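**Student:** Please see the structure below; I have some questions.
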Amino acid sequence: MELPIIDGHFWVVRDGKIIDTDFEEYEYICKMWNLNRKDKHYLEAPIMTQKIMTAMFLKTFKFVFEVETFEDICSAFYNLSKHMGMEKPEFGRCFQNCLIEIAQNGGELKFGSLGMKNKNKEGYFYEYGGIKYTKISDFRKN
């Protein structure tokens, strides 16, 4: 069972603050598109879209770990990652990074689009998702 391929992003919100690792790979993205790495814009998908996208990802983890609750999935994935020495955030694994973060420190899982401010023009460039992304079909790539 594989995770869905998406053009979107997961992050954690805790105490009103966005928790999301600023990976070195973003520097290359910013240079290519002339973006400001320090000015990120997180755009939440509609609640129903978030619920469905999250459920699609959780389905794989429920199958693998044979658990049902979100808390049990976070805990089981964190324990396995720690056992394998892979509990640090990794680029390209936003959902897994969020599970580990929530297992360690709590928070609320969010899904949507991640953009960075254009340096020479108005608005943001969305590396993950987009300003008009609202439906599952907008975010799904397989």
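**Student:** Which number in (1) in contact with an Asp or Glu (Cβ under 6 Å, 6 or more places away or on another chain); (2) within 14 Å of Y26 (Cβ to Cβ); (3) surrounded by fewer than 17 Cβ atoms within 10 Å (Cβ to Cβ) marks the one condition that K117 misses?
**Tutor:** Failing condition for K117: (3).
**Student:** Can you tell me which of I131, I102 is of a type in the set (A, V, I, L, M), touching a strand residue (DSSP E or B) at 6+ places or on another chain (Cβ under 8 Å) and more than 15 Å from G8 (Cβ to Cβ)? Full working, then the answer.
**Tutor:** Working: I131 fails: more than 15 Å from G8 (Cβ to Cβ).
Only one candidate qualifies: I102.
**Student:** Another question, then. Could you list, in sequence order, all residues of the stretch 41-65 that are among the charged types (D, E, K, R) and closer than 14 Å to G8 by Cα? Talk me through it step by step, then tell me what you get.
**Tutor:** Taking the stretch 41-65 and keeping what is among the charged types (D, E, K, R), we get 44, 51, 59, 62.
Hits for the stretch 41-65 are E44, K51.
**Student:** Evaluate the following for E27: is it more than 15 Å from the chain's Cα centre (by Cα) and not small (G, A, S)?
**Tutor:** Against the criterion (more than 15 Å from the chain's Cα centre (by Cα) and not small (G, A, S)), E27 qualifies.
**Student:** Provide a single number: the residues in the stretch 74-132 that are in contact with a Ser or Thr (Cβ under 8 Å, 6 or more places away or on another chain), part of a helix (DSSP H, G or I) and at pLDDT below 95.
**Tutor:** 0
**Student:** I would also like to ask the following. Residue by residue through the stretch 4-53, note down the ones that are over 20 Å from N118 (Cα atoms) and in contact with a Ser or Thr (Cβ under 9 Å, 6 or more places away or on another chain).
**Tutor:** The answer is P4, F10, A45, P46, T49.
**Student:** Restricting attention to the stretch 37-60, does a residue exist that is free of Cβ contacts under 8 Å to residues at least 24 places away in the same chain, under 20 Å from K17 (Cα atoms) and basic (K, R)?
**Tutor:** Taking every residue of the stretch 37-60 in turn, at least one turns out to be free of Cβ contacts under 8 Å to residues at least 24 places away in the same chain, under 20 Å from K17 (Cα atoms) and basic (K, R).
**Student:** Right, here's the next one. Which one of the conditions (1) under 24 Å from Y26 (Cβ atoms); (2) out of contact with any helix residue (DSSP H, G or I) (no Cβ under 8 Å at 6 or more places or on another chain); (3) surrounded by fewer than 16 Cβ atoms within 10 Å (Cβ to Cβ); (4) not β-branched (V, I, T) does M84 fail to meet, given that it meets all the rest?
**Tutor:** So M84 meets the others, but not (1).
The values are calculated or read from the model by the stated rules, or taken from the named source; none is laboratory data. All of these numbers come straight from a predicted model, not from anything done at the bench. Counting neighbours? That spans all protein chains shown, and the Cβs are built from the backbone with ideal geometry, glycine included.
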